[in-house]
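First up is the structure itself, then whatever we jot down about it.
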Amino acid sequence: MAITSEQNILKQVDGSATFQIDSTKVISSVTGPINVIRQRNEEPTSAFLSICVRPASGLPSTRESYLETKLKKIITPMINMEQYASTEIQIVVQILESGEREQFTCMELSCAVNSLYLALLNAGISLKASFLSSFCACKDGNIIVRPRMNELDFSTSHHVSVFSIVDGKSDELIYSDSLGKTTEDELFKVLDVISNDINKINESVRETILQGVVNDYIWKF
Amino acid sequence: MPSTDNTLPIPNILTLHSLFSSNPPLRPSLRPLTEPRDLKISIINKDNGNIEIKLGKTYVSCKISAIITKPFEDRQFEGIFNINTEITPMCSPLFSNGGGNDFSTSAPAIIPKTVISVEENEDNGNDVIMGGGAMMGLGVDQTSIEIMLSRLIEKAVRRSNALDLESLCIIAGQKCWSIRADIKFLNYDGNLIDAGNLAVIIALLNFKKNDIEIIGNGEGSELVIFDENQREKVGLSVLHIPLSVTFQFFSTESIERNIKGEKGVISRKIKEDSDDEDDVNDRMEVDNDEVGVESESRSSNEIIIVDATSEEELLSQGSMTITLNSNKEVCQISKSGGLNIEQGKILECCTIASKIVDKWTKQIKQVLIDEEVKNRDLKIEKELSVVNDRRTS
Amino acid sequence: MVLSVAESSYIYDSLTSSNSSRIDARKANQYRPLNANCGFLPNSNGSSRIYNADGIEIITSVKAKVVRTERIADLINVDIDIHGEKDNTTLCQQLTTLIKASIMDSFQFDLLKLTGKYYFQLFIDVSILYLPEDFSASSYTLYSLLSLISMNVYISLKSTKLPFLISSKDDFDVEEEPTFSDDWELSKFLIPQDSKNTFQPPLIFVVGTAGEKAIIDPSLEEEEILEHGICLTWSNSKVTTPIQSLTLSTNNTKALKLSLISEAIKLVKNVAPDVISALDTIASQESDDFNNGF
Amino acid sequence: MSEIDGHIQLKSTIFLPSELAQIAPDVTLNKYINAGYRPSLRRFNEFKPVIISKAGISRYDTSINGKAEEMNESTSVIGSSSVKCGETSAICMISAGIIEDDFEAVNDYRTRLDADIIVDNDKEEIENVLGGELLSENGCVYPVVEIAKGSTGPPGDEEVELGEKLFETLLHSGLINRDELKIDIGLKSIDENGDEVILKGEEANIQKKFSFVLYARIQVFGRTGPLFDQCYAALIKALKDTKLPDVYLNERESSLRTRTGKRNANVNIQTYDLVCDQVKYRELKLRNDRICWASTLGIVNVKEERHDEEGDAEMSESNHIGKTIILSDLEGEAEDNIMKRIIALSNGNDEFASITIERGTGERLTKDVIKKALKLSQVRASDMIKKL
Amino acid sequence: MSHQELLSPEGFRYDGRRCNEQRNFNLELNTHPHAADGSAICSMGNTKVLSLLRGPTDSNDSGLSLSVSIIQPPYAKSDRVQVSKNDRRFAELSLMVQRTLLQSIVQKAYPRTNINIKLTILSADGSILAACVNSATAALVDAGIALYDTVTAITVGIHDISPLIDCNAIEEIDLPYLTIGTISNSKINLLLMESKTPLDKLQKMINLGTEGCIQIRNQLDIAIRKSAIKH
């Protein structure tokens, strides 16, 4: 299952990145810190995150605004918000292609988190820790990491988790969302599996970041 | 961002001014006035018509989706085709979410004082208020940009009947295909109209929908949808390829001279001191007398460029969009306000546009052929592998 | 509008004194000048325009459509739009309901009957092109506007012409869509102009009272000192419901005497025939020229 | 706090407890928790009492008079419930619409022969088109949550979040079998004797298939307490109460109408006159093992203060021992600000329909804590599901 | 309507006009002296557009802000159609009118100013945009707003090889047509074409259009003079 990612593809924003797992592709952009656009959003002690998710096709609906809420919950604790007091960080997540049915959001959420991480890095926003996300589906006690559309359709439960990365290894659980019939044992197994998978994703993502640093190297000719 | 090519490192308005007012006028990138930037087409997913194009640094993605629905009451023999254009802050922080809001606070410092300021109008959707003559110039508020953009692309593709709507009808009055094109503007560097138009058309040409068949007649009929393993997907019936070319107009003259012509020059000389400084629009005015003398010999000295970058749009004093296909049929012309242009110049523009459209059409067709070849190879490979599988099993 | 104590007491006293006079020297039963004309919309069956010196301008169009329906209530549709305001403001909704109700109450529906199965459906569209900015939303303003609209609707209904039916009237047995003559010269008025017995569209009058006096069409200044406003409907040569007492933007409202209501009715009875004959004259003078009224 | 130390005379400001709660909710919370209580004076894992009842406003609810025949005929609500917890009540109303299952693709073996290449795994193909097990088996409800706030307008973020979360959890929990929503449609016709009869199944010979779509409208009054838990309870309760009417086609009206189209071609437009029976209904059956109870649990790390005599400045790190406490039924501003949360939907029987873990800020979230929280939610669920 | 009927072999159009014959053009200024600072009504055949202008008034912006809104009441067409208030087509039309007018106003004379124009299409029978531009220009003149020049507009359709000026609604449905607006030296300010036309016919249409605009301008001049004498 191919993972591809790329940083710094858009010129007008401060940071941007694409992230693709299989047939789900997401592009994110980060602009900021900038002055707060609407006065009432200004917060005196921390930054205001404006997150906007656009679907692959059609107009944004409640599904997208729920994704926005989830992303906000995941990202807010990862940014040093106090450092950007009374400013705004503008985030746009555009789903380019979605490899799941609209009843699911796990691939999109997971890719969005990963692309957003890269975009935040690219924009030079101060983060508390690195973080990455992956997802899996369970059926009859079997766990399938990064399932395809079919496998997801037939699963009894599916899980999305976000872990922080410390020393190149997944470290701490940041966020986890499980839907469908599941048990406590399954949850912990899933968390272990995802944590291992994130280590794999991390390898590929590190490449991208490295490449990004090389490309941005200021003194080149 | 450091850059090694010939473009200006910082969008320097003054440099732009002086380049344009030089004789002959130059563009910052030294690109000829009537030549568009390089068009790069990449097909992401051939079946669902997901494509990306790059026109210079302007980066647009378009995706087509098709579903079966009920046709409109008043158009029972036709399918439905919608184009969705939305501008998000992703393509430039100058734009905000949801449209119609002020972006003055978030805008970087490069924006010069606009000729006419932008007024935010949140509640009154009907009153459209805008600034400068440029179509996509930054002095224009987002609502009007979005309206013009969506209308121009819609007229170029939908109203010119590029997509054969009648072929989308399945059972008259009951079922039809509804095709939807979602244009996503990812990066803004001028000329969103042409790029958006190109993206939709290329996506439509690449899109393939599932084959269907109606089995039985009358009440007992069933609609069967085949997936791609059963029957090959079928393309849409695209009748012609309309492409837009947007021109930006510049002038080194004052607005008065543009309107009044030579007479204006004379009257200006009479009351020179009063007029000289207070013309707000005279941003680009160079030395009065010299140009005045020159312009008497020339009929007019509007500078016309195609495929403007964001900096050029910033400065533009007027724009015109022409949509053509390679059969030399004009599908739409839209010009309002901005510099007044002689009719000869407009026809000249049409000829230029026609050349550009021909060039683009050729490129698009080449991409299609390449894609076809690639596809065919894949298919043969697949068939062979299946035959192999059978033998082994 | 805020009047000083002196101003308001002057207006009030001169109005209630035995030798009563209104500040603009009108008689108690005298309207302010109004201009109206009709028949200028080529695409409508009937149209009219009315405007007063305040600049309030209202245009009404009546369009007829052939429908096959059994529901009488669907035959008359009223739509009021205030230029520059959003749809469905409370003012708009109130006006629409009141006008529609007043028309429905008195309408003679057999005028719309075309054949056994087909009817004309009327669409009455009212555009209020301009309202002065100090036009507050008190119920007095609502009703004075209502009064203007009702006159406007009256003229347009009176001037509405319908095409001449050439197919048979009786289609109970034979299924036949109604066909009409192409010749517009043959068209007939919806409400025949000659006979006196047919129905008259309703008119709404606003009467203000102060002391024992009742005055018609109070101006904004007068409204400030009035003790009461009464709205009366005049339909088919008699005063009918709705009769309503209005809230004024004034603070010297007093309890309403019964005698004042009959006073108001008397006043309306006095005024209405003149108003109707004036409106009828306008309705019969059809003109293509939008600006004939000047 | 200790950072604000000036060289000038230090003077402590004393706030009333209510003032302090507003200025620094976290400090207040800490104080309370150190004392072993919560601002609401409940114990840490003490739940609030919940009153769950039928709202009695649905169509099939008999009127207050107790006459069995009388129904609320004027309403289209087919299931209702009310849940009251503390100062917040939620009222849920279920209504239904009918859709034609027509655009679900028909995949037929006859036509399959057309394909040049026959793919082996047939079964998967079919279900793939239908949308897999999940979509072919799990029915759903489209909930809209409205929090009374005294003004109208588009739904706020919170309302959208609640609605979407309810939708997602309910769909994936498989509470409603999709077949349950299919309509066994009858044909209303007049037999030889001139009586009205309703034909079903084979006799009726109706080609089209129809399904119910359920909509839920949840109105929330008050905003204390975890709204999601209450909304979920209200929704489940209302669904249990839901009754679906019998539906039949009216024969007279189902004839074909011919209209002349633009190009003089004839278009057949079929109109259905679907009629819902006024009286007859069936109950909506839910999968009982999937009925869950939602518990939103907050997690706080408290720095326990040893009650030493020394002042703040003297306190060293060793004096603080991190302690993790799980709070149930979050309530009040201080507790609303806890971002470290675990939301678990348990059926009280070792199974969960959804588990959401949000780390928020602060200390690490350990496995033990998660385990503890899940345990707590199970205990609560096994207790509450009986009441539903 | 068949293609043949729109232009007979003898050169007569459906409504009896010749190719280069305009419909009855009537322009009146200052029709609503009480309701607006500038007002005008422009009728081109059965198309009637009323414009009410309010301004110049104060504004907080640094320059001139001109707002144009077009409203088409439900009775404007022969079939009753309700136009929604955020109809994109009308939003585009008002934007085009606004841009066109803005170019002819002496903007430097109106800093921190608001001008608000409301256009009401009382009756629609083709050439809506042209009638709107003409009517709004007249309203600007009536309000005494300083203009460099007036903009006048007209539509031109094309039937095979013959261009037809001032199209009515029936012709607009079946024939390609464009709306053209020019200033006094025949430079083009407004050009809108939305239907497919062969490139080589464009010149003919634009030529006739510019001439038509001159005609309209003369009539506008007469109307302005007339209203000046009256007051």
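We did not get these values from a lab; they are worked out from the coordinates using the rules stated. Everything quoted here is computed from the prediction, not taken from an experiment. Backbone-built Cβ (ideal geometry, glycine too); neighbour counts: all protein chains shown.
Summarising the label geometry, the points placed 7 Å from Cα in the beta-carbon direction at B:I369 and A:E42 lie 6.1 nm from one another. Dipole check for region A:3-216: with +1 at the C-beta of Lys and Arg, -1 at the C-beta of Asp and Glu, and the Cα centre as origin, the magnitude is about 380 Debye.
Taking every DSSP helix (H) stretch of at least 4 residues in chain E, weighting each as -39,500 (n - 2.57) and dividing the sum by the residue count yields a mean residue ellipticity at 222 nm of -10000 deg cm²/dmol. Based on Cα contacts under 8 Å between residues 6+ apart, chain A shows a relative contact order of 20 percent.
From least to most packed, judged by other beta carbons within 10 angstrom and beginning with the fewest, A:F188, A:F163, B:F81 follow the order A:F188, B:F81, A:F163.
What list do you get for B:C176, D:C292 if you sort them by fewest beta carbons within 10 Å?
B:C176, D:C292
In plain terms, the residue of A:E6, A:E88 with the fewest other Cβ atoms within 10 Å comes first and the most crowded comes last, giving A:E6, A:E88. What is the antiparallel percent of DSSP beta bridges lying wholly in chain E, to the nearest 5? Approximately 85 percent, going by the DSSP bridge assignments. Near A:N122, once Lys and Arg are set to +1 and Asp and Glu to -1 for all other residues with Cβ below 13 Å from its Cβ, the sum equals -2.
The Cβ shell under 9 Å around C:L190 holds other residues with a net charge of +3, Lys and Arg each +1, Asp and Glu each -1. Extension gain, C:M104 to C:T179: 0.36 nm times the residue separation minus the Cα-Cα distance gives 24.3 nm.
Here each label is just a point 7 Å from Cα along the line to Cβ, and for E:D58 and D:K387 those points are 6.2 nm apart. Each residue of region B:233-246 was assigned a 3J(HN,Hα) from its phi angle through the Karplus curve 6.51 cos²θ - 1.76 cosθ + 1.60 (θ = phi - 60°); the sequence is 5, 10, x, 7, 8, 9, 7, 7, 10, x, 10, 9, 10, 9 Hz, with glycine and proline shown as x. Among the trypsin sites (Lys or Arg not before Pro) found in region E:95-142, those both in a DSSP coil and sparsely packed, with 16 or fewer other Cβ atoms within 10 Å of their Cβ, are E:R112. In region E:65-109, Cα pairs under 8 Å separated by at least six residues give a relative contact order of 43 percent. Can you give the FRET efficiency for D:E363 and D:K182, using 1/(1 + (r/R0)^6), R0 = 41 Å, r = Cβ-Cβ distance, to the nearest 0.05? Result of the calculation: an efficiency of 0.20.
List the pairs from A:K189/D:K323; A:K139/B:K70; B:K335/B:K362; A:K11/A:K189 whose alpha-carbon separation is above 31 Å, in the order I gave them. A:K139/B:K70; A:K11/A:K189, as the Cα separations exceed 31 Å there.
The modelled label-to-label distance between A:K189 and A:V145, using points 7 Å beyond Cα along the C-beta direction, is 1.5 nm. Each Lys or Arg adds one and each Asp or Glu subtracts one; over the other residues with Cβ under 10 Å from the Cβ of B:N48, this totals +3. Relative to the first principal axis of the alpha-carbon coordinates of chain E, what is the inclination of helix E:88-104, with its axis defined by its Cα atoms, in degrees from 0 to 90 and to the nearest 10? Helix E:88-104 sits roughly 60 degrees off the main axis of chain E. For an R0 of 45 angstrom, estimate the FRET efficiency from the Cβ-Cβ distance between B:S18 and A:T4 and round to the nearest 0.05. After rounding, the FRET efficiency stands at 0.50. The simple Förster model, with R0 at 30 Å and r as the Cβ-Cβ distance, assigns B:N327 and B:K40 a FRET efficiency of 0.70.
Close amide H pairs (under 5 Å, H built 1.01 Å from N) link E:N114 with E:T57, E:D58, E:S59, E:S65, residues at least 5 positions away or on another chain.
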